[in-house]
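Novice: One structure is given below, represented as structure tokens, and several questions about it will come after.
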Amino acid sequence: MSATSRFALSLHQLTALDASPARLVELAGAEGCDHVCLFTFVPEAARGRYPLVSAADVPDLSARMADAGVSLCNLEVFPLDGSEDFDAFARALETGAKLGATKATAHVHEVSGIAEAVDRFGAFCDLAAGYGIVPGLEFMGFSAIADIGAAAAVVRGAGKGNITCDALHLIRNGGSVADVAAHADIIGYAQLCDGPLFRPREEWWAEAVRARELPGSGDFPLVEIVRALRDGTVIEVEVPRADDAKAGMTAAERVSRAVAATRSVLDRAG
């Protein structure tokens, strides 16, 4: 069985942040992707930076998804920082559920330790379960759960949910292919991009949100990461490249290049 048949492919909104959610759906369908990842919740401090899907958008988006043969898989992004607005979370989850979402990404911030992180993540999992959605805890250096080992401890401690494994955050925070293999049973979706094995810490944020490399063009062991994943893990194309957009490359061109590069990695993994 080839890797391309083992994994469903999802297009992340960050790959074409200038495209509306409706346009992203069209682009995903044109490239043969199975799913999209959209934002239904954005923290107040980040409002306006990301295309946000509201309840009013559901009828039109549902029709566009049906036309494109694409479904909504993952919802971004739910910060668990001790000041959670669970009513707002519930509205965002409900909006996603009406569009068919099955997963949602959570970040944990400002905790005293793993036990507190387990409690927060578990509570969010319980809320999301009411909408048929399974949260994924994303580890990253900009949160309290920086590496895959800590994320696994939280997920296994909660006994629910799964891990979001972003290749960028895996490599930047000392993770390895062996770590992916060790926790493949609880990795719900993996996000692929590429880059150099080392980058100064002060450049991490800009790289993450604006300057990732196309899969296969950098030094990340992406083929080995894919081989370590269990069958059925959703693979997300998450390759924001702001410089390409500034240079005049259309959203369609950027999406096409990112999806083709991701498929090439999957083919090599197969």
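The values are calculated or read from the model by the stated rules, or taken from the named source; none is laboratory data. The model shown is predicted, which means the values in this text are computed figures rather than measured ones. Glycine gets a Cβ as well: all are built from the backbone with ideal geometry, and neighbour counts include every protein chain shown. Only protein heavy atoms, including side chains, enter the accessible area calculation; ligands, DNA and RNA are left aside. Shrake-Rupley method; radii C 1.70, N 1.55, O 1.52, S 1.80 Å.
Novice: State which residue is surrounded by the most Cβ atoms within 10 Å (Cβ to Cβ) when the search covers only segment 76-134 and only residues that are among the aliphatic types (A, V, I, L, M), modelled with pLDDT of 95 or more and assigned to a loop (DSSP other than H, G, I, E, B).
Specialist: Ala101
Novice: Within segment 177-201, which residues are open to solvent by 10 Å² or more (accessible area, probe 1.4 Å) and in contact (Cβ under 8 Å) with a residue 60 or more places away in the chain?
Specialist: Scanning segment 177-201 gives a single hit, Arg201.
Novice: Just to check your reading of the model, which residue among Gly232, Gly248 is assigned to a loop (DSSP other than H, G, I, E, B), free of Cβ contacts under 8 Å to residues at least 12 places away in the same chain and at positive phi?
Specialist: Details: Gly232 fails: free of Cβ contacts under 8 Å to residues at least 12 places away in the same chain.
Result: Gly248 is the single residue among Gly232, Gly248 that is assigned to a loop (DSSP other than H, G, I, E, B), free of Cβ contacts under 8 Å to residues at least 12 places away in the same chain and at positive phi.
Novice: Any idea which of (1) under 27 Å from Val25 (Cβ atoms); (2) open to solvent by less than 60 Å² (accessible area, probe 1.4 Å) is the one Asp231 doesn't satisfy?
Specialist: It is condition (2) that Asp231 fails.
Novice: Looking at Arg199, is it in a helix (DSSP H, G or I) and among the basic types (Lys, Arg)? Walk me through how you get there before you give the answer.
Specialist: On the way: in a helix (DSSP H, G or I): no; among the basic types (Lys, Arg): yes.
Considered against the rule, which asks whether it is in a helix (DSSP H, G or I) and among the basic types (Lys, Arg), Arg199 comes out as no.
Novice: Also, I was wondering about something else. Let me spell it out: the conditions are (1) outside any loop (DSSP other than H, G, I, E, B); (2) farther than 30 Å from Lys98 by Cβ; (3) of a type in the set (Phe, Trp, Tyr), and Tyr189 meets all of them except one. Which number is the exception?
Specialist: With (1) outside any loop (DSSP other than H, G, I, E, B); (2) farther than 30 Å from Lys98 by Cβ; (3) of a type in the set (Phe, Trp, Tyr) applied to Tyr189, the lone miss is (2).
Novice: Any idea which of Arg263, Arg268 is assigned to a helix (DSSP H, G or I), charged (D, E, K, R) and surrounded by fewer than 17 Cβ atoms within 10 Å (Cβ to Cβ)? Walk me through how you get there before you give the answer.
Specialist: On the way: Arg263 fails: surrounded by fewer than 17 Cβ atoms within 10 Å (Cβ to Cβ).
So the residue among Arg263, Arg268 that is assigned to a helix (DSSP H, G or I), charged (D, E, K, R) and surrounded by fewer than 17 Cβ atoms within 10 Å (Cβ to Cβ) is Arg268.
Novice: Identify, please: which residue in segment 1-54 is free of Cβ contacts under 8 Å to residues at least 40 places away in the same chain and either in a strand (DSSP E or B) or touching a Gly at 6+ places or on another chain (Cβ under 7 Å) (or both) and is, among those, surrounded by the most Cβ atoms within 10 Å (Cβ to Cβ)?
Specialist: Checking each candidate, the answer is Val36.
Novice: I've got another one for you. Name the single residue that is farthest from Gly188 (Cα to Cα) among those in segment 136-176 being assigned to a helix (DSSP H, G or I) and touching a residue at least 40 places away in the same chain (Cβ under 8 Å). Steps first, answer last, please.
Specialist: Taking segment 136-176 as the starting set, the residues that turn out to be assigned to a helix (DSSP H, G or I) are 148-158, 167-172.
From the residues that got through so far, the ones that are touching a residue at least 40 places away in the same chain (Cβ under 8 Å) too are 154, 157-158, 167-168, 170-171.
Working: Val154: 14, Gly157: 16, Ala158: 15, Ala167: 13, Leu168: 16, Leu170: 15, Ile171: 18 Å.
The selected residue is Ile171.
Novice: Restricted to segment 64-75, and to residues that are open to solvent by less than 50 Å² (accessible area, probe 1.4 Å) and small (Gly, Ala, Ser), which residue is nearest to the chain's Cα centre (by Cα)?
Specialist: Kept after step one, since they are open to solvent by less than 50 Å² (accessible area, probe 1.4 Å), are these residues of segment 64-75: 65, 68, 70-75.
Then drop every residue that is not small (Gly, Ala, Ser), which leaves 68, 71.
Working: Ala68: 21, Ser71: 15 Å.
The selected residue is Ser71.
Novice: Test Gly248 against the criterion of being more than 30 Å from Cys125 (Cα to Cα), more than 20 Å from the chain's Cα centre (by Cα) and modelled with pLDDT under 95, and give yes or no.
Specialist: In short, no.
Novice: Another one. Can you tell which of Ser256, Ser217 is over 20 Å from Gly141 (Cα atoms), not in a helix (DSSP H, G or I) and not aliphatic (A, V, I, L, M)? Write out each step before concluding.
Specialist: On the way: Ser256 fails: not in a helix (DSSP H, G or I).
Being over 20 Å from Gly141 (Cα atoms), not in a helix (DSSP H, G or I) and not aliphatic (A, V, I, L, M) holds for just one of Ser256, Ser217, which is Ser217.
Novice: State all residues of segment 231-242 that are closer than 16 Å to Ile186 by Cβ and more than 17 Å from the chain's Cα centre (by Cα); if no residue qualifies, say none.
Specialist: Once the filter is applied, which keeps residues that are closer than 16 Å to Ile186 by Cβ and more than 17 Å from the chain's Cα centre (by Cα), segment 231-242 yields only Asp231.
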